Every structure is written in C-alpha cells, then in structure tokens.
1. Among (1) among the basic types (Lys, Arg); (2) over 20 Å from PHE98 (Cβ atoms); (3) in a strand (DSSP E or B), there is one condition ARG186 misses while meeting the rest; what is its number?
2. Looking at TRP118, TRP128 in this structure, which one is hydrophobic (A, V, I, L, M, F, W, C), surrounded by 12 or more Cβ atoms within 10 Å (Cβ to Cβ), in a loop (DSSP other than H, G, I, E, B) and at pLDDT 90 or above?
3. Out of the stretch 72-101, which residues are part of a strand (DSSP E or B) and within 13 Å of the chain's Cα centre (by Cα)?
4. Out of all the residues in the stretch 102-113, which are modelled with pLDDT under 70 and either assigned to a strand (DSSP E or B) or not assigned by TED's automatic domain parsing to the domain that holds ILE189 (or both)?
5. Taking the criterion of being surrounded by fewer than 17 Cβ atoms within 10 Å (Cβ to Cβ), in contact (Cβ under 8 Å) with a residue 12 or more places away in the chain, at positive phi and not β-branched (Val, Ile, Thr), would at least one residue in the stretch 144-157 satisfy it?
6. Taking the stretch 131-168 on its own, how many of its residues are in a strand (DSSP E or B) and under 18 Å from GLU97 (Cα atoms)?
7. Could you identify the single residue in SER191, SER212 that is surrounded by fewer than 17 Cβ atoms within 10 Å (Cβ to Cβ), closer than 17 Å to ALA112 by Cα, of a type in the set (Gly, Ala, Ser) and without any contact (Cβ under 8 Å) to a residue 40 or more places away in the chain?
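The values are calculated or read from the model by the stated rules, or taken from the named source; none is laboratory data. Since this is a predicted model, take the numbers as computed values, not measurements. Here the Cβ positions follow ideal geometry from the backbone for every residue, glycine too, while neighbour counts run over all protein chains shown.
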Amino acid sequence: MSESTINQEHAQLAAPWDEQLDAFPGAAQQLRDMRHWRRQLWWHGIRWLKRALLCLLLPWLAACASLAGPGGGLIGVPTHLYDFNPHIYTVKSVTFEFLGVAGVSGGEECCATLPRTWRPGLMATVRWVEDPNPCLGCGPKNENAFREYMKKKEATYQHYSAQVEIPPYQDTYGINLAFLPCHQVRLVIDSKQVFPMLAKWEAEAKQMEGQSCPKAQ
C-alpha cells in the first residue's frame, strides 16, 4: 500500500470530525498536525522495518550461497520415505539435515534444501527412529490404557544416525530415503535413478532378512 493511498483513507475517515473541529481552529490544527506526524512515523517505520529484515537476511543468504557452491542457488525439494524392513512401520520418524532440517514421518514431506547444481563432496546427516517390535493394532482400545501403552512402547524406540554422501543428480523431484534391515539407509535424488535403485534396494533388503544386526548406539 502506497503512502498516497494511506493518506486518502485517513482523510476519508477523518472528514466528519474535521467539520466539527472547524469551530475550534487552534485545536483543529494541532490535531491535524498530530495525524500528519503519526502517518509519517508509521510509514517510515514500515520502511525501516523492511530494511532491518533485509539486513538480517543478507548474511544468511550469503552463507547459503557459499554452501551452494559455484553452481549457484538452492532448491527446496520434498522428501520421500521407503521402509524395506521386514516388519511394517519399523521406521517411525526421519530427519534429513543438509541446510536446515526436513522431517519425514512417512510418505512425502516438504521441504529439504539442496544446491541447484550437484558437486562432489556434498554430505548430509540422516537421523531416524525405529520401533524394534513394530505391531499394527496391538495396543488396547481404551484411550487411557492406550496412552500408557504408547508411553512404554516409545521408551523402547531406538535412535540412529548416518552421514551420507549426496549422490550425483541432474533433474530431481525430491530426496528419496530407503531404509533397509540392520539399520542401513540409502539415498537417491536423480529422477532417472529412483525406480532402478529402489528395485535394487528392495532385492538387497530381502537378502538381508534374518541377519543379526548391531545394537543401537
């Protein structure tokens, strides 16, 4: 909204009062002066607020640009979760950390941040939570009893993390995280590689079934 528009709206609202104040010229002029200065302070305050916010954002944008590398620019992409463990709902929650954090609880969530152009050496951290004894529909149906059941169950959840190298990508529709038995995670980003790699990892997961896994750290 421009300053002239604001002034016009104030003038329309103030018109009935101004007609009555004409009977008191001195007071009327003081009130009009006060309105003028309030409008000026409000308008300049908004301008300075915009400048202050820009100043706060510039260092962050510069840091992001430097992390993005010579390719320039960052993109926000959704994250997709695939659980290849033999028991359903083994993986309860996931976070993908590169620039900022994207949380995934299943299906698709938005948004994680990636450089627009891939370069060697990009690393990310994946953290996830597993239920060592997943069971769908096993809890009591009573609401209070179910809360107690979940409180005890969540106390057994196991937390894992892994440093993963971000693989090469050109076109992408998102970050795809695949979880295999023995607390292993795989990552694919390039759109053309998603379905071939998911099929490969599904076969790999079936071969790993029944193996003894290391304990949670």
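1. Going through the list (1) among the basic types (Lys, Arg); (2) over 20 Å from PHE98 (Cβ atoms); (3) in a strand (DSSP E or B), ARG186 breaks only (2).
2. Going through TRP118, TRP128 in turn, just one is hydrophobic (A, V, I, L, M, F, W, C), surrounded by 12 or more Cβ atoms within 10 Å (Cβ to Cβ), in a loop (DSSP other than H, G, I, E, B) and at pLDDT 90 or above: TRP118.
3. ILE75, GLY76, VAL77, PRO78, THR79, VAL94, THR95, PHE96, GLU97, PHE98, GLY100, VAL101
4. The answer is ALA102, GLY103, VAL104, GLU108, GLU109, CYS110.
5. Among the residues of the stretch 144-157, not one is surrounded by fewer than 17 Cβ atoms within 10 Å (Cβ to Cβ), in contact (Cβ under 8 Å) with a residue 12 or more places away in the chain, at positive phi and not β-branched (Val, Ile, Thr), which makes the answer no.
6. Of the residues in that region, 7 qualify.
7. Of SER191, SER212, the one residue that is surrounded by fewer than 17 Cβ atoms within 10 Å (Cβ to Cβ), closer than 17 Å to ALA112 by Cα, of a type in the set (Gly, Ala, Ser) and without any contact (Cβ under 8 Å) to a residue 40 or more places away in the chain is SER191.
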